[in-house]
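For reference, the structure is listed below as structure tokens.
The values are calculated or read from the model by the stated rules, or taken from the named source; none is laboratory data. As the structure is a prediction and not an experimental result, all values here were calculated from the model. Please note: Cβ atoms are built from the backbone with ideal geometry, for glycine as well, and neighbour counts cover all protein chains shown. Only protein heavy atoms, including side chains, enter the accessible area calculation; ligands, DNA and RNA are left aside. Shrake-Rupley method; radii C 1.70, N 1.55, O 1.52, S 1.80 Å.
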Amino acid sequence: MKKLVISTGGGDAPGLNAVIYAVVHSCYRRGWEVYGSRNGYGGFLDINDMVQLNIRDVEGIYSQGGTILGSTNKGNPFAKPVVNEAGEVHVMDISDKIIRNFNRMGFNCHIAIGGDGSLDIAHRFSQKGMPVIGVPKTIDNDLMATERTFGFDTAVATATEALDKLHSTAKSHNRVMVVEVMGRDSGWIALYSGISGGADAILIPEIPFDMEAVCEKISDNELYNKHYAIVVVAEGALTKDGHVFNKGMGELGREGVVLGGVGEWVANEIRKRTDKDTRSLVLGHLQRGGSPTTFDRLLGLRFGAAAVRMVEEEKFGHMVALLKGSMAPVPLDQVVGGRKKVPLDSDKILTARNIGICLGVDPDQLDFPE
Ligand code: F6P
């Protein structure tokens, strides 16, 4: 008999509930108890936020977006802002308290579902002795050591559908539509949706962009009697001078960065340089919402079931990953501390180039592998 606790941390992603469903069902079949900690580590600090999860609590949730447990990206127990009586904010490390409560509540394992931030926290708890299994989540698909994270496929499907819809209005008005998509400092969502959604140009953080190349592509369209264009820009795309568009208060590479604004900037530049009627839109959190696609549901269910098998095998300090199409444990220290970027020699980059999509640079100027 084991007693497990699950938490969901960081930005939500479609497929979180599928993982919870699979964990609860897999544990039920083994006669184990499962609890859910609300809003990240909330349940370790307030017993009212620690809820037992039974089969009937998870009925049908595998197809629902969001997370029944709630999530937060402000709950780092190793650096928690606390306001004292004088109203001053102090950053406190409350990780020992969480470990104490984890032990007091009699848990055998913590299944932490999260992206790089939440898995970094899980890794630190694992180093302090908590038995932890990680599950990789993020729409950005930027986690190391796994071929995929769940949530990404759904975000790409949403972005692609939006691009499909924009074609007709762009064409009717002979306009350039610039669409900013999420992804932080990786271009996975932009590249996958841009190729699938017929973009003329795709700007990703991995390739700093030159507006001249983008505008040349838009002007070239006219040669083929195409008087409109669709440009997809990843929120973390940067100019060839290295300018990143940060709306937040934090410095780049630290907390408090809020990426955004690059789409509008690119649209203004296109308008100025080509005289084309140009509009921009930000897809934003639409990409995080809605039901998971079949792929994400299945991946979430597979991750959840595999995580419970890993508890049985006592593979603590590991994350379940998708490797060569199968479920595999990878040590958490191989997951944290880096972000998976789009490789420039990927066949998707090559596909984009082969079908004439501009990647924000003159292809001759970059040493792209053929
Ligand atoms: O990491 C997922 C993500 O949606 C990023 O693509 C985006 O930059 C960020 O989270 C937005 O976070 P928030 O929910 O805090 O606005």
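Where Rh is the Kirkwood radius over the Cα pairs of the chain, the temperature 25 °C and the viscosity 0.890 mPa s, what D in µm²/s does Stokes-Einstein return? For the chosen part, D equals 113 µm²/s. Annotation: amide H of Leu203 within the under-5 Å range of Val232, Val233, Ala234, sequence separation 5 or more or interchain, hydrogens built in the peptide plane. A cut-off of 5 Å between modelled amide H atoms, ignoring neighbours fewer than 5 places along the same chain, links Met319 with Gly134, Val330, Leu332. The Asn354 and Met327 beta-carbon pair, evaluated with R₀ = 41 Å, returns a calculated FRET efficiency of approximately 0.80. Only Cα pairs under 8 Å and 6+ residues apart enter the sum, and on that basis the relative contact order of segment 1-141 stands at 30 percent.
So, with +1 on the Cβ of K and R and -1 on the Cβ of D and E, and no other charges, what is the size of the charge dipole of segment 141-225 about its Cα centre, to the nearest 20 debye?
320
Per residue, how big is the convex hull of segment 112-216 when only Cα atoms are used? Give it in Å³.
Measuring per residue, one finds 98 Å³ for the Cα hull of segment 112-216.
Rounded to the nearest whole angstrom, the semi-axes of the ellipsoid equivalent to segment 15-146, taken from the Cα gyration tensor as √(5λ), stand at 25, 18, 15, largest first.
In terms of the mean number of neighbouring beta-carbon atoms within 10 Å, the peptides 196-207, 304-315 order highest first as 196-207, 304-315. Accessible surface computed residue by residue for the chain, with neighbouring protein chains in place and a 1.4 Å probe, gives 45 Å² per residue. With one equal scatterer per alpha carbon and no solvent term, the Debye-computed log10 I(q)/I(0) for segment 1-93 at 0.14, 0.17, 0.21, 0.22 1/Å reads -0.56, -0.75, -1.00, -1.07.
For a straight C-alpha distance cut-off of 23 angstrom, the lysines reachable from Lys315 (same-chain residues fewer than eight places away being disregarded) are Lys2, Lys3, Lys128, Lys137, Lys324.
Dipole size of the chain about its Cα centre, with +1 on Lys/Arg Cβ and -1 on Asp/Glu Cβ: approximately 1260 debye, rounded to the nearest 20. Selection among Tyr21, Val258, Val181 by position relative to the dipole of the chain gives Tyr21 as farthest towards the positive end (Cβ unit charges, Cα centre). Only protein atoms count toward the accessible area here, which uses a 1.4 Å probe; on the chain, the carbon and sulfur part of that area reaches 48 percent.
Distance between the pseudo-spin-label points of Asp96 and Lys3 (7 Å out from Cα toward the beta carbon): 2.3 nm.
Roughly speaking, what % of Cα-Cα pairs in segment 159-248 are separated by over 17 Å, rounded to a whole number? Provide the component values of the computation, followed by the final result.
On the way: 1887 of 4005 pairs.
Looking at segment 159-248, the distances longer than 17 Å represent 47 percent of pairs.
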